[in-house]
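What follows is calculated from the coordinates using simple rules that are stated; it is not laboratory data. Note that the structure is predicted; figures quoted are calculated from it, not measured. Don't worry about glycine lacking a Cβ; one is built from the backbone with ideal geometry, like all the others, and counts go over all protein chains shown.
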Amino acid sequence: MKKSSTDDGNILILLGKTLHLRSEAHISRSPDWILANPKAIDRMLRRILAKPSGGWRVVCAVAEIHHVPRRFRVEGLDIVVWRADDKLMVAPDACPHMGASLSTGHVRCGRLVCPWHGLELDRGGHGRWKVLPAFDDGVLLWVRMATEEPTTSAPVIPARPTQFVDAVVQMEARCEPRDVIANRLDPWHGVHFHGHSFARLVVLDVAEESITLRVAYRVVGPFVVEVDATFTCPDPNTIVMTIVDGEGVGSVVETHATAIDRGRTMVTEATLATSDRPGFFVVRRLNSLIRPWMRWAAERLWRDDREYAERTYELRQVQSPAVPKGAQRRKMAVSQTDED
Ligand code: FES
Ligand SMILES: [Fe+2]
């Protein structure tokens with residue numbers, strides 16, 4: 001155990017592996033509010049938003065879907081998800097007969113049975129009703145939506161550890177997916193806004209499309225685990241934090257933002273934690289006991305970050321009203337003339 005301190009002098013006791021030494025010559029010690037440059041964050045966000053998605057959006061955790069159909073809403077479309085012969089199926093949640101919500105029906109021998117008149121539906125479809133392309137990556141379920149951009153046969157799955165304990169949380173936010181990504185492109189708020197979780201956070205490197213930081217995560221009291229982590233975006237709706245040094249190298253936290261409707265976004269966050277410690281196989285066996293704690297920690301952070309993302313969205317609505325700028329200027333000129 002090593003002793004250290006926070007920027008304001010509080011004692012920290014570092015648990016776990018010691019990080020590799022880094023040249024600190026290029027690390028700025030300016031205050032976080034100066035380092036968090038909104039224009040630079042916005043430039044990075046624009047580069048990320050220009051990336052292809054192949055039409056793929058995250059729907060939910062695979063483990064949440066059993067043989068009872070469930071309804072989700074993605075980009076204004078109600079979809080039903082069910083499990084048929086261990087394969088997950090996704091389709092529009094409206095019966096092709098008279099429009100009943102299929103998610104209120106049931107599954108019989110892998111076929112989705114409509115609650116109104118018993119029509120049985122499967123991957124073969126019925127008239128214009130067709131199942132949607134879906135992808136089960138082992139942790140998350142994705143659906144491919146009809147978009148203007150070229151579609152791909154599978155989503156981009158971030159590099160994940162081979163052995164892990166996992167937990168997935170979902171939380172709805174009143175914002176757009178870009179606000180969720182923008183929140184994570186600003187690590188400088190970490191210590192100030194999430195003081196309950198982070199004791200110290202230094203941004204080590206900001207590259208074209210990645211940010212690397214050193215963060216001391218609070219375990220309990222003054223005890224912290226310090227790691228280096230890198231944020232990257234494999235597609236415009238996903239931001240991934242990967243631990244690159246310290247305890248748990250290779251662990252990832254994937255944050256996926258899926259639009260529900262205009263101004264409503266579902267945040268799906270998957271944590272896949274790994275370790276090269278010999279006792280990790282025991283931890284894996286205890287995944288179901290550890291999962292509630294992992295969810296609690298992720299939800300606590302996201303409650304704050306949701307507030308941040310919603311505020312960003314709210315401000316954008318005020319700053320970019322529906323009236324085009326030229327029309328606004330004309331309107332102002334007219335009202336000034338009126339006052340004259
Ligand atoms: S509405 Fe589904 S079978 Fe009639
Ligand atoms: Fe945050």
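For the chain, rounded, prolate or oblate, judged on the Cα gyration tensor with a ≥ b ≥ c (square roots of eigenvalues), a/c < 1.5 rounded, else prolate if a/b > b/c?
oblate
State, to one decimal in nm, how far the label point of Ile34 lies from the label point of Ala50, with both points 7 Å from Cα in the Cβ direction.
Each label point lies 7 Å from its Cα, and together they span 3.1 nm.
Which one, Leu301, Trp82, Met171, is farthest towards the positive end of the dipole of the chain when Lys and Arg carry +1 and Asp and Glu -1 on their Cβ?
Trp82
Round to the nearest 0.05 the FRET efficiency obtained for Glu120 and Arg277 when R0 = 51 Å and r is the Cβ-Cβ distance.
0.55
Collect residues whose amide H, placed 1.01 Å from N in the peptide plane, falls under 5 Å from the amide H of Asp186; neighbours closer than 5 in sequence don't count.
none
Under a point-charge model restricted to the Cβ atoms of Lys and Arg (+1) and Asp and Glu (-1), what is the dipole moment magnitude of the chain relative to its Cα centre, in debye to the nearest 20? Don't skip to the answer; put the middle values down first.
Numbers: 45 positive and 43 negative charges, 87 e Å.
Dipole size: approximately 420 debye.
Projected onto the charge dipole of the chain (+1 at Lys/Arg Cβ, -1 at Asp/Glu Cβ, origin at the Cα centre), which of Pro234, Gly118, Pro158 gives the Cα projection farthest towards the positive end?
Checking the options against the dipole of the chain, the answer is Gly118.
What does the highest-first list of 233-242, 32-41 look like by mean Cβ count within 10 Å?
233-242, 32-41
Please count, across the chain, the pairs of lysine residues with Cα atoms under 27 Å apart that sit 8 or more places apart or on different chains.
Step by step, the pairs that qualify in the chain add up to 5.
Between Leu289 and Lys2, what FRET efficiency follows from the Cβ-Cβ distance if R0 is 30 Å, with the result rounded to 0.05?
About 0.55, to the nearest 0.05.
Could you sort the peptides 153-162, 198-207 by per-residue average Cβ neighbour count (10 Å cutoff), highest mean leading? Intermediate results must be reported in sequence, preceding the final value.
On the way: 153-162: 14.9, 198-207: 18.9.
Per-residue mean Cβ counts within 10 Å order the peptides as 198-207, 153-162.
Can you work out the PRE-style zone for Leu19? Point 7 Å along Cα to Cβ, and I want the residues of the stretch 155-188 with backbone N under 15 Å.
Only 187-188 pass the distance filter.
Filter the chain for me: DSSP H helices, axial length by Cα at least 24 angstrom, mean Kyte-Doolittle hydropathy not below 0.0. List them by residue number.
none
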